[in-house]
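**Student:** Below is the structure I would like to discuss, written out as structure tokens.
The values are calculated or read from the model by the stated rules, or taken from the named source; none is laboratory data. Just so it is clear, the structure is predicted and the values come from calculations on it, not from any experiment. Cβ atoms come from the backbone with ideal geometry, glycine included; neighbour counts cover every protein chain shown. To get the accessible areas, we keep the full protein, side chains included, count just its heavy atoms, and leave off ligands, DNA and RNA. Shrake-Rupley method; radii C 1.70, N 1.55, O 1.52, S 1.80 Å.
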Amino acid sequence: MLGAMQDWDLRVTRIIDHAAREHGGREIVSRWADGSETVTTWAGVRLDALKMTQALRNLGVQPGERIATLAMNHARHLVSWYGAVGVGGVLHTVNPRLFDDQLEYIANHADDQVLLYDAAFQPLVDRMKPKWTTIKHYICFDNGEFETWIGAENGDTEWATGGERDPCMLCYTSGTTGNPKGVLYEHRSTMLHAITSVQPAIFDLDARSVMLPVVPMFHAASWGLPWGGAAAGIKFVFSAVNDAKVLCDLMNREKVTHSAGVPTVWLAMFQHMDAENVTLPTLRQAIIGGSAAPRFMIERLMKAGVNVAHAWGMTETSPIGTTGAKCWNWDDLSFDEQVEVKLMQGRVPFGVELRIIDLDDPNKVLPRDGKTSGALQVRGPWVIKRYFKAEADATDDEQWFDTGDVAILYPDGTLQLTDRTKDVIKSGGEWISSVELENAAMSHPAVAEAAAIGIYHPRWDERPILVVVRKADCEVCSDEIKTHLAASVAKWWLPDAVEFVDEIPHGGTGKVSKKDLREQFRDYKLPD
Ligand code: ADP
């Protein structure tokens, strides 16, 4: 027997219909690379997306085919998301910061048919064109090209129909080894994720919110904000350039209440704010994720009255895994205690389940005791089952995704990331957390960046070394760093050596590339 409720497939085109119907006049501001600005509305975005759906049909694009974008955050990019899914296509957001061989691989692997791109990436497109074998149509978002293309249509059409388990979006993760892997989101997973994302304890979005997402739309779908934001009918303020001055000016002029970005973004904003004596009086919610938010960042925002949603997630989890959602008793904590809990990666919303597994025995589930660390696994309706084009295998049935993170879970559900499984350092049979060493090092005032890696040791298997970039005009020696570390980590965790470098290698999403760093130190000899 089936239930007797209406058929209302969870398809993401319903989100833009809702936004246009219920929040049609709410504005979407775009600040373009050339400094000019335009304003549209949710009703305008829907009409343009309908026109793009018609234009794609005229190109012969079929449901299920991949439509790629190579673009920063702006209203036309937003329109193209809904236009691509509107035709029943699969939106593929390409990260322009990837290396050429990765860009070649993913567009061909995705079988992209159409590419919409910013004029700023014209040199990249010209360079890659001979290598991209499947893309038939190139459309530039700028110079009037996109407007002319969709302007030839009247928007008098219907969205493609289909099932809620149809795919709607494809994102590749850069991965630390091998080729990038594709994550194929479906309408249903994206819709459930969107509904969850706006909740007060998650991103806290409603019709009064003004959001400037710094996290790019090509980075884990801008954490799903273009879907969730439409569901809540928020006002968006987009900037096609990530310059701290531009961002701060926009935030103050547009009275931005919400923003989202990786820690380095906030760092750049703080530097600008200090140099120019600027504050962000209207900001009340800062979403920080992608890598760990440092203590001083959380403290500074909290002191300014901003709620910090320190979030953990992955492209494979759409990306929401946890946020800084408060436990019932956290309001009673002192300021310092609140900072302490915010430093961890927060708690899951309904829809996400976490567990930790013994690093040496994959069959042993570990307790949520706030002490034991293990390999973090996740499951839920917006968590990946298998990578795009991967064969189904036995692990599909387990429905637990191996995150590659190492973590501790607390009895109240709080997640604390301690490392990546590939980065933990095993010394004498015991695990050393590279992340804890790095955090301790980065709290030294003369350290700009630090990364810990394991180096082969004949007796202990591996021993940590710490690679450090000094802050400009700061002097600090190896012994000073070790003394500083000794105050917060166990003696046997102290690195055998501290090496100073000008730069630590970073990957396409701006994170430290331990793989490249290990390669750099491949022949390194530990001091006796
Ligand atoms: P990205 O494109 O951001 O690299 P990934 O999906 O590759 O996206 O990255 C996910 C990984 O980033 C997580 O598995 C985790 O290691 C790291 N990460 C994400 N959020 C946090 C956080 N708040 N604190 C620490 N690490 C994080």
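**Student:** As a test question: what accessible area, to the nearest 10 Å², does Trp159 have when a 1.4 Å probe is rolled over all protein chains in place?
**Tutor:** 30 Å²
**Student:** Going by accessible area, probe 1.4 Å, with all protein chains left in place, what is the ranking of Leu485, Leu59, largest first?
**Tutor:** Reading off the accessible areas and sorting them downward yields Leu59, Leu485.
**Student:** What do you get for chymotrypsin sites (Phe, Trp or Tyr not before Pro) in segment 326-377 restricted to DSSP loop and a cutoff of at most 12 other Cβ within 10 Å of the site's Cβ?
**Tutor:** Loop-located and lightly packed - Trp328, Phe350.
**Student:** Quick one: dipole size for the chain, taken about the Cα centre, charges +1 on Lys/Arg Cβ and -1 on Asp/Glu Cβ, in debye to the nearest 20.
**Tutor:** 540 debye
**Student:** What list of ³J(HN,Hα) couplings, whole Hz, do you get for segment 16-22 from phi and the Karplus terms 6.51, -1.76, 1.60, once you set θ to phi - 60° and write x for glycine and proline?
**Tutor:** 6, 4, 4, 4, 5, 6, 9
**Student:** Let me know the charge dipole size of segment 425-520 about its Cα centre in debye, to the nearest 20, where only the beta-carbon of Lys, Arg (+1) and Asp, Glu (-1) is charged. The partial results should precede the final answer.
**Tutor:** Details: 11 positive and 16 negative charges, 64 e Å.
The dipole of segment 425-520 has a size of about 300 debye.
**Student:** Let me ask something additional. I need the P(r) histogram for the chain: all alpha carbon pairs, bin width 20 Å from 0 out to the longest distance, whole percents.
**Tutor:** With 20 Å bins starting at 0, P(r) equals 21, 55, 22, 1.
**Student:** Do you know the relative contact order of the chain, to the nearest whole percent, from alpha carbon pairs under 8 angstrom that are 6+ apart? List each step's numbers first, then the result.
**Tutor:** Details: 1075 pairs, mean separation 54.1, N = 528.
Here the relative contact order equals 10 percent.
**Student:** Rounded to the nearest 500, what is the 222 nm mean residue ellipticity of the chain from helices alone, with -39500 (n - 2.57) per DSSP H run of 4+ residues and division by all residues?
**Tutor:** So the helix-based figure for the chain works out to -8500 deg cm²/dmol.
**Student:** Where in segment 334-418 are there GluC sites (Glu not before Pro) that are in a DSSP coil and have at most 11 other Cβ atoms within 10 angstrom of their Cβ?
**Tutor:** Glu391
**Student:** Same structure again: For segment 383-389, in order, what is each residue's ³J(HN,Hα) by Karplus, 6.51 cos²θ - 1.76 cosθ + 1.60 with θ = phi - 60°, in whole Hz (x at glycine and Pro)?
**Tutor:** My calculation for segment 383-389 gives 9, 4, 8, 8, 6, 4, 6 Hz in order.
**Student:** Moving on to the next point. Once the dipole of the chain is set up with Lys and Arg at +1 and Asp and Glu at -1 on Cβ about the Cα centre, which of Thr372, Pro411, Ala49 lies farthest towards its positive end?
**Tutor:** Ala49
**Student:** Suppose a student asked you for the relative contact order of segment 425-520, using Cα pairs under 8 Å spaced at least 6 residues apart; what percent would you report? The partial results should precede the final answer.
**Tutor:** On the way: 157 pairs, mean separation 25.7, N = 96.
It comes to 27 percent, rounded to a whole number.
**Student:** Under a 5 Å amide H to amide H cut-off, with H placed in plane at 1.01 Å, what residues pair with Trp312 once short-range neighbours are removed?
**Tutor:** So Trp312 has HN proximity to Gly321, Thr322, Thr323.
**Student:** So what are the ³J(HN,Hα) numbers for segment 488-502, from phi and the Karplus equation (6.51, -1.76, 1.60; θ = phi - 60°), rounded to whole Hz, Gly and Pro as x?
**Tutor:** 10, 10, 4, 4, 6, 7, 4, x, 5, 8, 10, 10, 9, 10, 7
**Student:** Report, in listed order, any pair from Lys181/Lys511; Lys303/Lys326; Lys426/Lys471 with a Cα-Cα distance greater than 20 Å.
**Tutor:** Lys426/Lys471, as the Cα separations exceed 20 Å there.
**Student:** Turning to a different aspect of this structure: Protein chains only, probe 1.4 Å: how do Trp492, Trp227 rank by accessible area, largest first?
**Tutor:** Working: Trp492 110, Trp227 5 Å².
The ranking, largest first, comes out as Trp492, Trp227.
**Student:** I need the trypsin sites (Lys or Arg not before Pro) found in segment 238-285, filtered to DSSP loop residues with at most 14 other beta carbons within 10 Å of theirs.
**Tutor:** Taking segment 238-285 and a limit of 14 other Cβ atoms within 10 Å, the loop trypsin sites (Lys or Arg not before Pro) found are Lys255.
**Student:** Would you grab the residues whose amide H sits under 5 Å from the one on Glu449? Only those 5+ places off in sequence or on another chain, please, with H modelled 1.01 Å from N.
**Tutor:** It is Val469, by chain and number.
**Student:** Using amide H atoms built 1.01 Å from N in the peptide plane, name the residues 5+ places from Ile455, or on other chains, whose amide H lies under 5 Å from its own.
**Tutor:** Sorted by chain and number, the residues that satisfy this are Arg463, Ile465.
**Student:** Separate question: If Glu438, Glu145, Glu164 are ordered by their accessible area, calculated over protein heavy atoms with a 1.4 Å probe, which sequence runs from highest to lowest?
**Tutor:** On the way: Glu438 20, Glu145 75, Glu164 50 Å².
Final ranking, largest accessible area leading: Glu145, Glu164, Glu438.
**Student:** Between helix 187-197 and the chain, what is the angle of the helix's C-alpha long axis to the longest principal axis, kept within 0 to 90° and rounded to the nearest 10?
**Tutor:** 60 degrees
**Student:** Something else: Starting from a Cα-only point model with no solvent, please compute log10 I(q)/I(0) by Debye for segment 425-520 at q = 0.15, 0.17, 0.25 1/Å.
**Tutor:** For segment 425-520 at q = 0.15, 0.17, 0.25 Å⁻¹, log10 I(q)/I(0) is -0.55, -0.71, -1.40.
**Student:** Give the accessible area for Tyr105 in Å² (nearest 10); use a 1.4 Å probe, count only protein heavy atoms, and leave out ligands, DNA and RNA.
**Tutor:** About 70 Å², rounded to the nearest 10.
**Student:** How much length is gained on full extension from Glu398 to Ala207, taking 0.36 nm per residue of separation minus their Cα-Cα distance? Please report the intermediate quantities before stating the final value.
**Tutor:** Details: separation 191, 0.36 × 191 = 68.76 nm, distance 3.91 nm.
That works out to 64.8 nm of additional length.
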